[in-house]
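Only one structure is covered here, and it is reproduced in the block below.
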Amino acid sequence: MYTNQVEQTFSVAKESDISYSEFYENYIKKRVPVLLKGVLKDMPAMQWSPQYMLEHFGDKVFDAEKGAQVSLGDFINSYLDDTSSQCVMGKNAYLKNINVNSQFRELIDQLSHAPVFTKGNWRHNKFTNAMFGYEDNVCQFFMGARGSGFPFLHVDYPPMHTFSALFYGQKEWLLFNPDQEDKLYAHSRPGGWTKASQVDNPFDPDYEKHPLFAGASQYRFMQESGDLLFVPTGWWHTARNETHTITMAWDHLNSSSWNACIDFRLANLGPRGRKVRKVLRLCSNWWVSRWLVENNKHYRIVKQLMVAWYSVTISLGLVA
């Protein structure tokens with residue numbers, strides 16, 4: 001007989017007064033999640049609210065699930081006057097993964113004055129995007145009603161770090177270390193870009209149906225408006241909205257996640273991919289660890305040379 005208690009529950013590390021070098025050494029390099037408290041306070045996006053979005057961008061139209069389209073105004077009005085503990089649209093009242101660069105460029109100017117912790121992101125480079133077959137979707141917009149949330153516990157691919165910036169509201173998170181995967185009932189989703197858990201509601205799981213999940217050590221905590229969450233590559237995560245929320249999230253690629261991304265990109269290319277991987281791993285083990293670091297004066301030059309060389313291998317057909 002199982003109860004709604006997991007074997008071990010932890011709170012994620014919280015920092016409010018930390019330098020970039022401390023953040024890099026203690027969290028990025030060690031792949032440890034951390035909640036950076038109040039570091040978004042100087043960003044213009046802190047003025048966002050459902051009312052602000054309704055007034056300034058109510059006519060904006062997005063592609064919703066199942067091929068439908070929805071205006072931001074209709075979406076917000078569907079839940080804004082709801083005073084119950086759950087939003088009227090339930091889990092459907094959640095706009096997610098909106099590509100800011102291609103679908104919501106009006107927000108870009110308000111994302112200035114980002115905290116120093118987000119610097120050194122190689123995803124801002126067009127060659128790196130070509131390398132992984134990505135669109136230029138570094139930044140994604142999320143807006144959810146109270147009671148909504150991401151539909152499943154998952155881990156992202158390609159395996160990059162993730163930053164989640166909460167500009168409005170309160171959000172509860174669940175994180176699991178990669179070493180807990182054997183207890184999470186993992187399966188690959190269509191397309192191979194995400195691995196998800198088969199546990200229907202990880203915040204209130206059915207332990208009779210998924211008994212191994214009861215033994216998974218979890219990190220469970222609240223994120224407040226103005227907080228920036230760092231989720232390392234490989235960590236399982238999901239979130240639900242305790243209030244109406246507005247969030248921006250983006251992938252972060254640097255030396256600590258480079259090898260994992262290269263392996264993912266070349267994993268299914270057979271002998272051709274294995275040959276290219278050996279060269280890339282050799283380059284990355286030397287160049288990335290010793291040259292491609294954020295504080296090195298040669299960082300930009302060497303990074304451009306390395307990703308350009310990889311793009312040449314694509315054009316020559318060495319990499320699909």
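Points to keep in mind about this one:
- Selection status of residue 186, touching an Asp or Glu at 6+ places or on another chain (Cβ under 9 Å) and surrounded by fewer than 20 Cβ atoms within 10 Å (Cβ to Cβ): no
Results for (1) touching a His at 6+ places or on another chain (Cβ under 9 Å); (2) over 24 Å from residue 254 (Cα atoms); (3) in a loop (DSSP other than H, G, I, E, B); (4) in contact (Cβ under 8 Å) with a residue 24 or more places away in the chain, shown as yes or no for each residue.
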site: 155; (1), (2), (3), (4): yes, no, no, yes
site: 167; (1), (2), (3), (4): no, yes, no, yes
site: 175; (1), (2), (3), (4): yes, no, no, yes
site: 195; (1), (2), (3), (4): yes, no, no, yes
site: 199; (1), (2), (3), (4): yes, yes, yes, yes
site: 203; (1), (2), (3), (4): no, yes, yes, yes
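- Residue within the range 113-122 that is surrounded by fewer than 17 Cβ atoms within 10 Å (Cβ to Cβ), assigned to a helix (DSSP H, G or I) and at pLDDT below 80 present: no
Let's see how each residue does on (1) outside any loop (DSSP other than H, G, I, E, B); (2) at pLDDT 85 or above; (3) closer than 17 Å to residue 111 by Cβ:
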| site | (1), (2), (3) |
| --- | --- |
| 226 | no, yes, yes |
| 229 | yes, yes, yes |
| 233 | no, yes, no |
| 237 | yes, yes, no |
| 248 | yes, yes, yes |
| 251 | yes, yes, yes |
| 260 | yes, no, no |
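- Criterion violated by residue 132 - all others in (1) crowded, with 20+ Cβ neighbours inside 10 Å; (2) modelled with pLDDT under 85 satisfied: (1)
- Some residue of the range 76-95 being at pLDDT 90 or above and of a type in the set (Ser, Thr, Tyr): no
The values are calculated or read from the model by the stated rules, or taken from the named source; none is laboratory data. Just so you know, these numbers come straight off a predicted model, no measurement behind them. So basically every Cβ, Gly included, is an ideal-geometry build from the backbone, and we count neighbours across all protein chains shown.
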